[in-house]
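First the structure, in the form of structure tokens, and then the observations on it.
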Amino acid sequence: MRKRPKHSPLRPSWRCPACGILWPCSAAKLRLLGEYREDRPGLLIHLAEVQKAAEVDLTTLNPDVVLPDLTPRFVGWAEAR
């Protein structure tokens, strides 16, 4: 059985099980930047896909709540400055 990285999202809440804060936490961001060091477009695509999954989970978890724009949380931090 493959072990999950410590700072992977806990679904369906999309919180970090290690930190307890909204995912991606700082540790997850650093890990992702390292994994995609040579492929920033690949990182952005991955994060956009993860954002879509989070939107589905969070909408299912809270059907009567309008979600805020999750782009800054999931993709915005990784865009080139």
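The values are calculated or read from the model by the stated rules, or taken from the named source; none is laboratory data. Every value quoted in this text rests on a predicted model; they were computed, and no experiment measured them. Every residue, glycine among them, receives a Cβ derived from its backbone with ideal geometry; neighbour counts consider all protein chains shown. Ligands, DNA and RNA are excluded from the accessible area calculation, which covers all protein heavy atoms including side chains. Shrake-Rupley method; radii C 1.70, N 1.55, O 1.52, S 1.80 Å.
Solvent-accessible area assigned to carbon and sulfur over the chain amounts to 58 percent, based on a 1.4 Å probe. On a per residue basis, the chain carries 69 Å² of accessible surface, using protein heavy atoms and a 1.4 Å probe.
Ratio of Rg to Rh for the chain: 0.97 [Cα atoms; Kirkwood radius as inverse mean 1/r over pairs].
The helix-based estimate of mean residue ellipticity at 222 nm for the chain, built from -39,500 (n - 2.57) per DSSP H run of four or more residues and divided by its residue count, is -14000 deg cm²/dmol to the nearest 500. To the nearest ten degrees, helix 26-35 and the longest principal axis of the Cα atoms of the chain are 50 degrees apart. If only the Cβ of Lys and Arg carry +1 and only the Cβ of Asp and Glu carry -1, the dipole of region 38-81 around its Cα centre is close to 140 debye. The relative contact order of the chain comes to 25 percent, based on Cα pairs under 8 Å that sit 6 or more residues apart. Packing, taken as the mean count of other beta carbons within 10 Å per residue, orders the peptides 47-58, 62-73 from highest to lowest as 47-58, 62-73. Taking the C-alpha atoms only, the angle from helix 40-61 to the longest principal axis of the chain is near 20 degrees.
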